[in-house]
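The structure under discussion appears below in the form of structure tokens.
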Amino acid sequence: MDSRTFEELFGRLELIVQRLEKGDLPLEEGIAAFEEGVGLSRQCQLRLEQAEARIEALTAAPVAPPGIGTGVAPGALPGTLPGTV
């Protein structure tokens with residue numbers, strides 16, 4: 001995978017799109033730019049999908065109230081029995 005950040009990849013893609021939109025590139029240079037742009041677009045899409053999956057995983061995990069599932073009553077000190085402190 002490319003070590004550049006999403007923002008770097010996207011910035012490069014924007015530059016390529018601007019060059020292609022001008023329409024003044026020689027044919028072979030235009031095809032090479034288009035090919036690079038497609039690759040960058042795919043990398044950006046993959047990064048966005050990975051970010052979305054991370055966000056979904058974080059928001060899907062239920063957050064238990066204090067003490068639930070920890071074996072420690074709310075306000076109790078770990079390692080002590082309730083009412084002994």
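Among the criteria (1) at pLDDT below 95; (2) of a type in the set (Ser, Thr, Tyr); (3) surrounded by 11 or more Cβ atoms within 10 Å (Cβ to Cβ), the one Ser41 does not fulfil is (1).
Say whether the condition of being of a type in the set (Val, Ile, Thr) and at pLDDT 75 or above is met by at least one residue in the range 62-84. No: the range 62-84 contains no residue that is of a type in the set (Val, Ile, Thr) and at pLDDT 75 or above.
Out of the residues in the range 17-31 meeting the condition of being of a type outside the set (Lys, Arg) and within 28 Å of the chain's Cα centre (by Cα), tell me which one is surrounded by the fewest Cβ atoms within 10 Å (Cβ to Cβ). It comes out as Gln18. More than 19 Å from Gly11 (Cα to Cα) and either at pLDDT 95 or above or assigned to a helix (DSSP H, G or I) (or both): is that true of Arg54 in this structure? Yes; evaluated as a whole, the condition is true for this residue. For the range 14-24, the set of residues classified as part of a helix (DSSP H, G or I), out of contact with any helix residue (DSSP H, G or I) (no Cβ under 7 Å at 6 or more places or on another chain) and of a type outside the set (S, T, N, Q) consists of Glu14, Leu15, Glu21, Lys22, listed by residue number. Scanning the range 1-13 for residues that are free of Cβ contacts under 8 Å to residues at least 12 places away in the same chain, surrounded by 11 or more Cβ atoms within 10 Å (Cβ to Cβ) and part of a helix (DSSP H, G or I) turns up Glu8, Gly11.
The values are calculated or read from the model by the stated rules, or taken from the named source; none is laboratory data. Predicted model only: the values in this text are computed from it and were never measured. Because the Cβ atoms are built from the backbone with ideal geometry, glycine has one as well, and the counts that use them run over all protein chains shown.
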